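Before any comments, here is the structure.
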């Protein structure tokens, strides 16, 4: 517990407190543990090396306070004003700082792991080398903040404003930056593996040399972004605007894109992504593996339950594949696609999904859904036949005649000799090259 005399001295006068602190040994650590200092004005107080763990400083005025080396673990600082505070090396783990004002605060090498900073203002704050692992910075204002070398692994930065922030060599592994604003920010050399940039705005952002492998840039705006020598291997680029980005020497090996991805003019996406992967992802050439009898559909719900699978990947797979690994046609499908390495790997992975990932309940649900769809198809077929029977005789005979001609044409085309078909295809009407 806090020393009550120290608490009273601090509340009585900041000038008196600071004068008293100057008379103490340099390594003196005032014990203010669990002190209740809500709404108190302590502007300019020397609280360096103080023990303030679990202290209550809600809505307190702490402008230009010296917290260097202080222990603020689990402290309550919601709505506090820490503008210009000096917090280098401070321990602020799990502290609650929602809506706090930390504008211009010096927090070099501070430990803010799991700190709650949602809605906080950190404009022009210096967080170089700070530990912000798993910190919550949702909708925080980090405009022009310095986070050089900061550790932001698994930090939550959804909707945060990081305009012109400096994040050189920052570690953003698995961090969530959905809908964040990074206009004019510098992330040169940052580690962004598996980082979520969905819907982020990165206009004129410097992303040179970032390690963005497996990052998700779906729907992100990267206008005039500098991605030279960035590694975006296996990154998700569905709906991403890269039309005016600099992709010189950017690694895009096996990146996931589709027809909604905007590439720079004359950019050879097939060469950058890889011929096999580009062919697989191209909207006009995506192979659809179908099994028409007793199939198990890879539903989006089932895929979403697979650990480690991104939502965008689940959507793509669910829309493209219908497989039954136990069907006679499955092995034939594998052989047909064996020459395409990426597709072969996809099929192997999907087999493991059925064998190892899906639960019995999920498989049963898929089978039930397939049965329901077959029954629905049969019902619609019966209704169609009934409607045809109710048509006037002349119209019904016309429909039956058209159907008969269609079947005859199909059978006739199958009986044509292969040599004749090849010859017909090779013939041209004229030198213009139009097919006959």
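Every number here is computed from the coordinates shown, using simple stated rules; none is lab data. On a predicted model such as this, the values are computed, not experimentally measured, just so you know. Positions of Cβ are generated from backbone atoms using ideal geometry, with glycine treated the same way; all protein chains shown enter the neighbour counts.
Relative contact order of region 147-286: what whole-number percent is it, with Cα pairs under 8 angstrom and at least 6 residues apart?
Contact order relative to length: 14 percent.
What shape does region 1-152 take by its C-alpha gyration tensor, where a ≥ b ≥ c are the square roots of the eigenvalues and a/c under 1.5 counts as rounded, a/b above b/c as prolate, and the rest as oblate?
Prolate, because a/c is 1.5 or more and a/b exceeds b/c.
Once the Cβ-Cβ distance between residue 22 and residue 109 is put in as r, and R0 is 25 Å, what FRET efficiency do you end up with, to the nearest 0.05?
E between residue 22 and residue 109, to the nearest 0.05, is 0.50.
Expressed as a whole number of Å, what is the distance separating the alpha-carbon centroids of region 125-159 and region 197-240?
18
Rounded, prolate or oblate: which fits region 170-234, taking a ≥ b ≥ c as square roots of the Cα gyration tensor eigenvalues, rounded meaning a/c under 1.5, else prolate when a/b beats b/c?
In terms of gyration-tensor shape, rounded.
I need the peptides 114-122, 5-13 ranked by packing, meaning the mean over residues of other C-beta atoms within 10 angstrom, with the highest value on top.
By packing density, highest mean first, the sequence is 114-122, 5-13.
Which of rounded, prolate or oblate describes region 86-199 when judged by the alpha-carbon gyration tensor and an a/c cut-off of 1.5?
Cα axes put region 86-199 in the rounded bin.
Starting with the fewest neighbours, write out 217, 267 ranked by other beta-carbon atoms found within 10 Å of each beta-carbon.
Exposure proxy ranking, most exposed first: 267, 217.
Using a basic spin-label model with each label point 7 Å from the Cα along Cα→Cβ, how many nm lie between residue 38 and residue 64?
Calculated label separation equals 2.8 nm.
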